[in-house]
Amino acid sequence: MKPIERIHLYLQFKSISPHSFEKRIGLSNGYFSKQLRNLGSVGSDILIKIDEYYAELNILWVLNGQGQMIAPHDAYLNTASTMQVDEYLNKYDAENKKMKNLEADLEKLQVVLKDKDKIISLYEVITNNKTVLVQDNFEQQKTTFG
């Protein structure tokens, strides 16, 4: 029996349609059925995807027919938990990058805000100085004409 036939047995055992199998592992529509009809070979890239998406399927059984179709429960759990840990680590890394970007943006905004406050303070000083100059000028004109 060839690996393609063993995969077919697994799909029948789990009541998985060839179409949903193809869709899940990213094969084109009808690819699996064509390979099965022609007793074609299964490439390593497809075997890797099968192992990734159907962790309970004993990939060694698919390749050489030895052992059981379904991987021992402990091996399946280890694979599943490892996949979950990897998934959480990837999410953590992505969220951590977002957080660092937000922190960097916050620092930039704080610098801009400080600069804005400095500009407002300088504007107030200039405005106050003009007011004082105008008042002084008015007082001088008042005493001169007064």
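The values are calculated or read from the model by the stated rules, or taken from the named source; none is laboratory data. Computed from a prediction, not measured in an experiment: that's the story for all the values here. Positions of Cβ are backbone-derived with ideal geometry, glycine not excepted, and every protein chain shown enters the neighbour counts.
Look at segment 25-43 and say how many of its residues are among the β-branched types (Val, Ile, Thr) and over 16 Å from residue 57 (Cβ atoms). Step through it out loud before you land on a result.
Here is the first cut: in segment 25-43, the residues among the β-branched types (Val, Ile, Thr) are 25, 42.
After this cut, where a residue has to be over 16 Å from residue 57 (Cβ atoms) as well, the list is none.
Final tally of qualifying residues: 0.
Every residue in segment 22-49 that is in a helix (DSSP H, G or I) and without any contact (Cβ under 8 Å) to a residue 12 or more places away in the chain, please.
As a first pass, look at segment 22-49 and keep what is in a helix (DSSP H, G or I): 22-25, 31-37, 44-49.
Answer for segment 22-49, where residues must be in a helix (DSSP H, G or I) and without any contact (Cβ under 8 Å) to a residue 12 or more places away in the chain: 22, 23, 31, 34, 37, 44, 45, 48.
Just one of the numbered conditions (1) at pLDDT 90 or above; (2) assigned to a helix (DSSP H, G or I) is not true of residue 15; which one?
Of (1) at pLDDT 90 or above; (2) assigned to a helix (DSSP H, G or I), only one is false for residue 15: (2).
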